[in-house]
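> One structure, as structure tokens, below. Some questions next.
Each value in this text was obtained by applying a stated rule to the coordinates, not by laboratory testing. Owing to the predicted nature of the structure, the values given are computational and were not obtained by experimental measurement. Counting neighbours? That spans all protein chains shown, and the Cβs are built from the backbone with ideal geometry, glycine included.
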Amino acid sequence: MEEKYTTCSPVSQPIAWLIWAFVTLFYFYEYFLRTAPSVMENELSHFFSISAAGLGSLIGAYYYTYAPLQIVAGVAMDRYGGRKVVPLAVLLCAIGSWLFTMPNLGIALLGRMLIGAGSACGFISVIFIATNWIPRQHLALLTGLTQTLGMLGAILGQKYVVLLMQHHVWQTVWLQCVVAGIGLAIILFFIIPKRPVHVQQRIKAQGYAHVLQNLKLVVCNKQTWLAGIFGGCIFLPTTVLAMIWAVPFFESAYHLSLQKVTSLTSILFIGWIIGSPLMGFISDRLGSRKYVMVLGVLLTFLCVLAIVYIPNLPYYLLLALMFLIGIFSGTELVAIAFTCEANPIFAKGAAIGITNFIIFTFSAILSPLVGVLLNRITGAHALITAQDYQLSFLIIPVCLLLALICILYATEPEAKQDILSMEH
């Protein structure tokens, strides 16, 4: 015997989009908190009397909780629903922001970790809300828009911090974040509907053993791993060519000034901002995740080969290729939509969290590997040439080919209705 029920209270489409917009503000907010310290490093070093290494540990403490709690956040969303989890996550960010202003380094470190813990729910909560109330045909577009708004939070947030710190101490920024977080948490608590009573009763009756069962279901689904590995691989060109090795590589291979290299990295991120929703929109319109992901990874592969292995490309062509890498890398967000649809709807929070964790972990492992290869090729203290970078950067096309194999091996997810069928 089967009983069908919705995962949440039904709402009209205008209200659904309003809910999504406010939850997306949380992602914008947490992205701002993630990147704001980068423009106040001198002030933080002086205030806490710490070295560059100590400052790196303080700022990086965000990731000590952000990464491992991805899965916990996803499972919590499945178990308790958005209304209970999302406002609490925002409050954790607000409390962490307040603690970060304290003169004690240990308390500030704890505050940064609390911000990371709350932020672990940011991206997951937006996609969770979207899959609850917004039709499936918009899922990939909304996933891409979410990433775009997060990056805008980083860009606009840094500019706001710089302007504010011209007239105020750095603590003012974080105290404003406390007020904003408390206000947003209150709004989210009242705007996100409760789950239907029969859903709450069913989940409560299932007990915590069912949580582990759902988690096992997602982990044992090969589609989850294929999408996660794809996402981790497609993000690698951004990490290597824009975040870590951009300046030394382009200075060595193309003899570009720092200003020109900065323009190259900036235009790649502009490509991400445009490409994330664009790839999602195309995927939704075509009704296919695999086709767009295959096309995206192939074109990214060709752009990377051109930049790294074709010598003496003109600067305007480098700009175009970096922009296209950003555009096509937006298929990482299509992979998130893929994994949502490839797993049961009652475990979608766990699916998003686990996939996000795989992507993050894969990127964290692969990115330092370039440095290890450079050391092996040149020796720790040798002058690094363009040819050395070309050899060590071979890991990028190899990983992109791995991403291609993964998505070709994956099965196109079928459309699911937003209802659950569970046996008594």
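> For Cα Rg over 2.2 N^0.38 Å, one of (1) 1.00; (2) 1.87; (3) 1.44 was computed from the structure I shared and the rest are decoys. Which label?
Computed from these coordinates, Cα Rg over 2.2 N^0.38 Å corresponds to label (1).
> Distance check, please: which entries in Lys84/Lys222; Lys194/Lys290; Lys159/Lys260; Lys194/Lys216; Lys216/Lys290 exceed 32 angstrom between their Cα atoms?
Lys194/Lys290
> Now for a different question. Spelling out what I want: for every residue of the stretch 125-132, take phi, set θ = phi - 60°, compute 6.51 cos²θ - 1.76 cosθ + 1.60 (Karplus), and round to whole Hz; glycine and proline get x.
Karplus values, whole Hz, x for Gly and Pro: 5, 5, 5, 4, 5, 4, 6, 7.
> Could you work out how far the C-alpha centroid of the stretch 100-175 sits from that of the stretch 10-47, in angstrom?
Here the answer is 3 Å between Cα centres.
> Quick one: among Ser392, Ser367, Ser119, which has the greatest mean-square fluctuation in a GNM of the chain with alpha-carbon springs under 10 angstrom?
Ser392
> Right, another one. Can you give the extra length, in nm with one decimal, that the chain gains between Leu394 and Tyr291 once fully stretched, where that is 0.36 nm per residue apart less the Cα-Cα distance?
Result for the pair: 34.6 nm of gain on full extension.
> Suppose every Lys and Arg Cβ carries +1 and every Asp and Glu Cβ carries -1, with no other charges. What dipole size does the chain come out with about its Cα centre, to the nearest 20 debye?
640 debye
> For a protection proxy built on the mean count of beta-carbon atoms within 10 angstrom, sort 221-230, 337-346 highest first, please.
Descending packing order for the listed peptides: 337-346, 221-230.
> Let's see if you can work this out: charge +1 on each Lys and Arg Cβ, -1 on each Asp and Glu Cβ, no other charges. What is the dipole magnitude of the stretch 7-195 about its Cα centre, in debye to the nearest 20?
So the dipole magnitude of the stretch 7-195 works out to roughly 540 debye.
> Which one, Leu404, Leu391, Gly379, is farthest towards the positive end of the dipole of the stretch 215-423 when Lys and Arg carry +1 and Asp and Glu -1 on their Cβ?
Selected residue: Gly379.
> Give, as ranges by residue number, the residues of the stretch 344-367 whose backbone N falls under 17 Å from the point 7 Å along Cα→Cβ of Thr411.
344-345
> Of Gln166, Gln13, Gln137, which is the most mobile in a GNM of the chain whose springs link Cα atoms less than 10 angstrom apart?
In the Gaussian network model the winner is Gln166.
> Right, another one. Roughly how big is the stretch 278-424's charge dipole about its Cα centre, with Cβ charges of +1 (Lys, Arg) and -1 (Asp, Glu), in debye to the nearest 20?
My answer is approximately 240 debye.
> Using θ = phi - 60° and the Karplus curve 6.51 cos²θ - 1.76 cosθ + 1.60, what whole-Hz ³J(HN,Hα) does each residue of the stretch 136-142 get, with Gly and Pro shown as x?
With the stated coefficients, the stretch 136-142 comes to 4, 5, 10, 4, 5, 4, 5 Hz.
> Over the stretch 7-195, what is the mean sequence separation of C-alpha contacts under 8 Å (at least six apart), divided by residue count, expressed as relative contact order in percent?
Dividing the mean separation by the residue count of the stretch 7-195 yields 39 percent.
> Please tell me the relative contact order of the stretch 83-201 in percent, rounded to the nearest whole number, where contacts are Cα pairs under 8 Å and at least six residues apart.
The value is 41 percent.
> With springs connecting C-alpha atoms under 10 Å apart, model the chain as a Gaussian network and identify which of Val23, Val247, Val75 has the largest mean-square fluctuation.
Ranking Val23, Val247, Val75 by mean-square fluctuation puts Val247 first.
> Given 0.36 nm per residue, what is the gain on full extension from Lys222 to Gln13 after removing their alpha carbon distance, in nm?
71.9 nm
> So what is the relative contact order for the chain, in percent, with contacts set as C-alpha pairs under 8 Å and at least six apart?
This gives 26 percent for the chain.
> Summing +1 for each Lys or Arg and -1 for each Asp or Glu, what net charge is found among the other residues whose Cβ lies under 14 Å from the Cβ of Leu215?
Result for the local shell: +2.
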